[in-house]
1. Just a yes or no: is a residue in segment 162-177 part of a loop (DSSP other than H, G, I, E, B), among the acidic types (Asp, Glu) and either open to solvent by 20 Å² or more (accessible area, probe 1.4 Å) or at pLDDT 95 or above (or both)?
2. Restricting the search to segment 184-215, which residues are open to solvent by 10 Å² or more (accessible area, probe 1.4 Å) and in a strand (DSSP E or B)?
3. Of (1) within 22 Å of ILE372 (Cα to Cα); (2) in contact (Cβ under 8 Å) with a residue 40 or more places away in the chain, ASP31 satisfies all except one. Which?
4. Would you point out which residue out of HIS274, HIS281 is modelled with pLDDT under 95, open to solvent by less than 60 Å² (accessible area, probe 1.4 Å) and over 22 Å from ARG203 (Cβ atoms)?
5. Any idea which of (1) assigned to a helix (DSSP H, G or I); (2) crowded, with 21+ Cβ neighbours inside 10 Å is the one LEU370 doesn't satisfy?
6. Looking at LYS316, is it crowded, with 20+ Cβ neighbours inside 10 Å, of a type in the set (D, E, K, R) and out of contact with any Pro (no Cβ under 7 Å at 6 or more places or on another chain)?
7. Out of curiosity, is GLU25 within 25 Å of the chain's Cα centre (by Cα) and among the acidic types (Asp, Glu)?
8. List the residue pairs whose Cβ atoms are under 7 Å apart, where the first residue sits in segment 50-65 and is in contact (Cβ under 8 Å) with a residue 60 or more places away in the chain, the second is of a type in the set (Val, Ile, Thr), and the two are 6 or more positions apart or on different chains.
Amino acid sequence: MKDDFFKYQAQTTSHPLAMSISHAEGSYIYDAENKAYLDFVAGVSACSLGHKHPKVVEAIKNQIDRYLHVMVYGEYIQQPAVELAKLLANHLPENLQKTYLTNSGTEAIEGALKLARRVTGRSEIIAAHGAYHGNTMGAMSVMGYEDRKRAFRPLLPDVKFIDFNSIDDLTWITRNTAGVILETIQGGAGFIAPSNDYLSKVRKRCDDVGALLILDEIQPGFGRTGKLFGFEHFNCIPDILVTGKGLGGGMPIGAFTASSEHMNQLQEAPKLGHITTFGGHPVIAAAALATLKEITETNLISDTLEKEKLFREHLKHPLITEIRGKGLMLAIITHSADMANDIILKCQDEGLILFWLLFEPKAIRITPPLTISKDEILEGCAIITRVLDSISA
């Protein structure tokens with residue numbers, strides 16, 4: 001299997017972890033030798049309810065028995081997609097009422113950028129240094145990390161970059177700006193949260209010049225930060241909300257949400273302003289609906305902040321310089337990239353899955369399922385501490 005993996009399946013690095021997976025359940029992934037690994041990554045924030053959550057599995061099976069794909073997005077009334085969009089609206093501010101379902105977060109970013117240009121009639125997009133919004137050409141154009149873009153240029157024109165959390169840079173947002181796109185909490189840059197009321201000041205500047213504010217909640221969304229959406233912490237409501245990852249319960253999904261007035265502009269001039277074959281797929285939508293119901297109808301969101309306290313209490317060590325983030329979107333910052341790499345690999349040997357961040361090499365990702373138990377948190381923290389002790393010895 002390993003030989004075939006390298007021979008036939010394209011990889012994105014020359015050194016993938018190459019763990020052969022047997023099965024996964026709850027907070028654990030099992031390899032081909034049936035060794036259990038406690039999962040502190042959750043598919044990079046995607047498996048909000050852990051692996052093979054019974055309500056998600058049941059929703060998938062029930063939908064499979066009804067129908068699979070029947071028509072391109074938006075033409076037929078399909079109950080799972082309609083109910084999902086309605087439930088999202090019920091949990092969002094009044095200006096965020098109509099949702100376009102996509103196959104992934106990066107596709108939703110593409111739709112959001114198009115919508116901002118369509119609504120305003122402007123072309124300029126403002127993004128942030130250190131931003132990561134996906135890897136398609138439009139999403140890459142608003143990525144704030146040149147080393148990952150250079151090989152693929154030319155990208156979209158009329159994109160400018162500001163420093164995240166810089167109030168002075170807000171003057172770059174002008175009446176030429178169609179949209180400002182920001183992660184509510186910067187992910188790839190090292191889980192950097194807004195400070196000094198930054199997002200509300202961006203919101204005001206956008207209002208002053210008539211630009212739309214796009215908030216990327218692909219990572220922070222769906223309870224991960226202790227609120228259903230990260231923007232709820234920061235006194236800021238976007239014009240366009242982009243989500244993905246944690247909504248799907250382990251299935252591939254993305255979405256962008258805006259007002260009906262804005263979203264309806266994708267219907268005319270031209271018609272089919274944004275189209276997708278498999279966006280809103282009934283099986284995926286059923287899984288997402290079950291996931292959203294479970295997150296909003298239980299104590300998972302409020303428990304997230306208590307679990308954060310547990311991590312912070314039990315991850316104190318001289319080799320940890322700080323822990324960034326909020327809720328169960330946390331990043332351990334170490335003294336060096338080599339140290340972070342060493343910790344991640346040694347923890348995997350000890351049965352704990354950690355992962356890297358894209359642009360901050362000293363960081364270690366901790367984004368476990370929201371369903372992780374307190375005992376499992378203590379188990380994982382003990383492994384990390386043992387590994388840190390072995391490195392410092």
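1. The initial filter retains those residues of segment 162-177 that are part of a loop (DSSP other than H, G, I, E, B), namely 163-167, 173-176.
Next, only the ones that are among the acidic types (Asp, Glu) stay: 163.
Narrowing further to those that are either open to solvent by 20 Å² or more (accessible area, probe 1.4 Å) or at pLDDT 95 or above (or both): 163.
Yes.
2. Answer for segment 184-215, where residues must be open to solvent by 10 Å² or more (accessible area, probe 1.4 Å) and in a strand (DSSP E or B): ILE192, LEU212.
3. It fails just one condition, (2).
4. HIS274
5. (1)
6. On the way: crowded, with 20+ Cβ neighbours inside 10 Å: no; of a type in the set (D, E, K, R): yes; out of contact with any Pro (no Cβ under 7 Å at 6 or more places or on another chain): yes.
No, not satisfied.
7. For GLU25, the condition - within 25 Å of the chain's Cα centre (by Cα) and among the acidic types (Asp, Glu) - is met.
8. GLY50/THR371; HIS51/ILE29; VAL56/THR291; ILE60/VAL283; GLN63/VAL283; ILE64/VAL283
The values are calculated or read from the model by the stated rules, or taken from the named source; none is laboratory data. Bear in mind the structure is a predicted one, so any value in this text is a computation, not a measurement. When we count neighbours, we look across all protein chains shown, and the Cβ atoms used for this are built from the backbone with ideal geometry, even at glycine. Only protein heavy atoms, including side chains, enter the accessible area calculation; ligands, DNA and RNA are left aside. Shrake-Rupley method; radii C 1.70, N 1.55, O 1.52, S 1.80 Å.
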